[in-house]
Ligand code: PLP
C-alpha cells in the first residue's frame with residue numbers, strides 16, 4: 001500500500017524552493033525593518049527591496065521601474081480592470097478571452113454595470129483563442145484587450161503576440177495574465193509587447209500572497225492610475241507596508257526559474273510525453289485536451305470517459321491532482337474552459353488536470369497512471 005503523497009497540482013500552487021525558503025528566513029531574521037523608516041534598519045530594508053526589484057526585473061527582462069510588487073495575480077488583474085473606470089469615455093469596449101482565469105473574467109464582467117461593453121473572444125476546439133474571430137471583436141472603440149499567456153487548466157498557450165498587435169492597431173491597450181507562462185516557456189517582457197502584465201509568486205516556487213504587476217514604461221505611462229491611498233509604497237499601486245520577506249522570496253523564485261529555464265522545460269517536456277503516452281496506451285478512449293496545440297510542458301488535462309473527476313480524485317487520495325482551477329473553491333460544476341472548447345458537460349466533468357513541477361519525477365507520473373488503471377478496473381463506470 002502506497003504511503004507517500006504525490007503532488008501533481010503545481011498549476012494550483014508550488015512548494016517554495018530551498019533557495020526561496022533560505023532567502024525569506026534570512027530576511028525575517030536579519031532584515032525585518034520597515035522599508036519606509038528613515039533610520040539605519042529601515043534603510044537596510046529599503047536597499048533589500050530595491051535589490052529584489054532589480055532581480056525581478058532581470059528575471060522578466062524588463063526595467064526596474066516597470067515592476068510593482070503586490071499580493072498576487074488576483075489583485076493585479078482586479079487592479080487592471082478597476083483602473084479602467086478612470087478611462088476616457090470614448091472607448092467603452094473591453095475584449096477578453098472566454099477562458100481567462102476568474103480574476104480576469106469576473107473583474108471584466110463587473111465593469112458592465114459601469115457602462116462598459118465586455119465581449120469575449122471564443123476559442124477553438126483545441127483551446128486556442130480564435131484570432132480571426134478576435135479581429136471582428138477588436139474595434140476602434142476598444143479600450144483594452146486581455147488574454148492570458150497560457151491557460152491554467154489545459155496549459156494551452158495563447159497567440160498573445162498577435163492579439164497584442166491587433167489591439168495596438170486600433171489604439172487599444174493589451175493586458176496579459178502571464179501567471180502560467182513564467183518558468184515554463186522562454187519568457188521575456190521585452191519580446192512581449194503588452195502594456196500591462198500580471199504574475200504570481202506561488203506558481204514559481206515563491207511564497208503565496210506575492211505577485212508582480214508589470215506596467216510598461218513605469219507607473220506614469222499607465223493612463224488610468226487608481227486613487228489607492230496610503231504610505232505611497234509602490235507609487236500607490238499597492239500602498240501599505242511592504243511584505244519584504246515575500247518580495248525577497250518572489251525575486252529569488254523569479255530569478256531561479258529563469259536561470260535554469262531550458263533544463264526546466266526539458267524536464268517538464270519529458271514528463272509530459274511519458275505521462276501522455278502512458279495515459280493513451282493504458283486508458284482506452286481517454287482524451288487529452290489541446291493535445292495538438294502548443295502547450296506549456298508541465299500541464300496535461302485529460303478526460304477519462306465515464307468517470308466523473310470528483311469520484312476519481314476521491315478514490316486516489318494519495319495523488320494531488322485537480323478537476324479544474326483551485327480558485328473555484330472546490331465547487332463542483334463543469335469547468336468553463338473545457339465547455340468553451342466545445343466539450344460536452346459530461347466530458348468536462350470527467351476531466352482532470354495533472355501539473356508537474358521541477359520536483360516531479362518519472363515514477364510520480366508512472367505510479368499515477370498505473371494506480372489509475374487499477375482503480376478504473378474496480379470502479380463501476382457511471
Ligand atoms: N491567473 C491565472 C492564470 C492563474 O492560474 C491564477 C491562479 O490560479 C491566478 C491568475 C491568480 O493568482 P493568485 O493566486 O496569485 O491570486
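Can you tell me how much longer the chain between residue 135 and residue 117 gets when fully stretched, taken as 0.36 nm per residue apart minus their C-alpha distance, in nm with one decimal?
Extra length available between residue 135 and residue 117 comes to 4.9 nm.
Show that you can apply the helix-only estimate: for the chain, add -39,500 (n - 2.57) for every DSSP H stretch of four or more residues, divide by all residues, and state [θ] at 222 nm to the nearest 500.
When only DSSP H runs of four or more count, the value is -11500 deg cm²/dmol.
Applying a 10 Å radius around every beta-carbon, put 139-152, 45-58 in order of their mean neighbour count, most first. Write out the running numbers ahead of the final one.
Values: 139-152: 23.0, 45-58: 18.4.
Top of the packing list down: 139-152, 45-58.
Calculate the FRET efficiency for residue 379 and residue 21 from the Cβ-Cβ distance with a Förster distance of 51 Å, rounded to the nearest 0.05.
In this case the efficiency is close to 0.85.
For the range 163-285, count all C-alpha to C-alpha pairs, find those more than 25 Å apart, and express that count as a whole percent of the total.
The proportion of pairs with Cα distances above 25 Å equals 41 percent.
By count of other Cβ within 10 Å, fewest leading, how are 278, 362 ordered? Please list the in-between numbers first.
Numbers: 278 17, 362 11.
Placing the least packed residue first, the sequence is 362, 278.
Assuming a ≥ b ≥ c are the square roots of the Cα gyration tensor eigenvalues, decide whether the chain counts as rounded (a/c under 1.5), prolate (otherwise, with a/b larger than b/c) or oblate.
Note, shape of the chain comes out oblate.
Please label the shape of the range 1-84 as rounded, prolate or oblate, based on the square roots a ≥ b ≥ c of the eigenvalues of the alpha-carbon gyration tensor (a/c under 1.5 means rounded; beyond that, a/b larger than b/c means prolate, else oblate).
In terms of gyration-tensor shape, oblate.
Could you work out how far helix 40-60 tilts from the main Cα principal axis of the chain, as a 0 to 90 degree angle to the nearest 10?
Tilt of helix 40-60: around 50 degrees.
Along the Cα-to-Cβ line of residue 37, 7 Å from the Cα, sits a label point; which residues in the range 51-66 have backbone N less than 20 Å from it?
Under 20 Å, as judged by backbone N against the label point of residue 37, lie 51-52 of the range 51-66.
Taking 7 Å along the Cα-to-C-beta vector as the label spot, tell me the residue 313-residue 371 distance in nanometres, rounded to one decimal.
So the label points at residue 313 and residue 371 sit 1.6 nm apart.
Relative to the longest principal Cα axis of the chain, at what angle does helix 73-83 sit, 0 to 90 degrees, rounded to 10?
50 degrees
By its C-alpha gyration tensor, with a ≥ b ≥ c as the square roots of the eigenvalues, how is the range 121-186 shaped: rounded for a/c under 1.5, else prolate for a/b larger than b/c, else oblate? Kindly include the intermediate steps, with their values, before the conclusion.
On the way: a/c = 2.56, a/b = 1.52, b/c = 1.68.
Taking the square roots of the gyration eigenvalues as a ≥ b ≥ c, the range 121-186 is oblate.
Would you mind ranking 37, 350 so that the residue whose beta carbon has the fewest other beta carbons within 10 Å leads the list?
Details: 37 14, 350 26.
Starting with the residue having the fewest Cβ neighbours, the order is 37, 350.
By average Cβ neighbour count within 10 Å, what is the ranking of 153-162, 180-189 from highest down?
Working: 153-162: 22.3, 180-189: 20.7.
For the peptides 153-162, 180-189, the packing ranking is 153-162, 180-189.
Once the cut-off is 24 Å, how many percent of the Cα-Cα pairs in the range 208-365 end up in the long-distance tail?
52 percent
Can you work out the PRE-style zone for residue 269? Point 7 Å along Cα to Cβ, and I want the residues of the range 179-206 with backbone N under 20 Å.
Answer for the range 179-206: 180-188.
At 37 °C and 0.692 mPa s, grab the translational diffusion coefficient of the range 49-181 from Stokes-Einstein with a Kirkwood Rh over Cα pairs, rounded to a whole number in µm² per second.
It diffuses with D of about 213 µm²/s by this estimate.
Within 10 Å, count the other beta carbons around each residue, average over each peptide in 212-218, 38-44, 129-135, and list them highest first.
My ranking of the peptides, most packed first, is 212-218, 129-135, 38-44.
All of the numbers you see were taken from the coordinates with simple rules; none came from a lab. Keep in mind that this is a model prediction, so the values were computed, not measured. Here the Cβ is made from the backbone with ideal geometry for all residues, glycine too, and neighbour counts use every protein chain on show.
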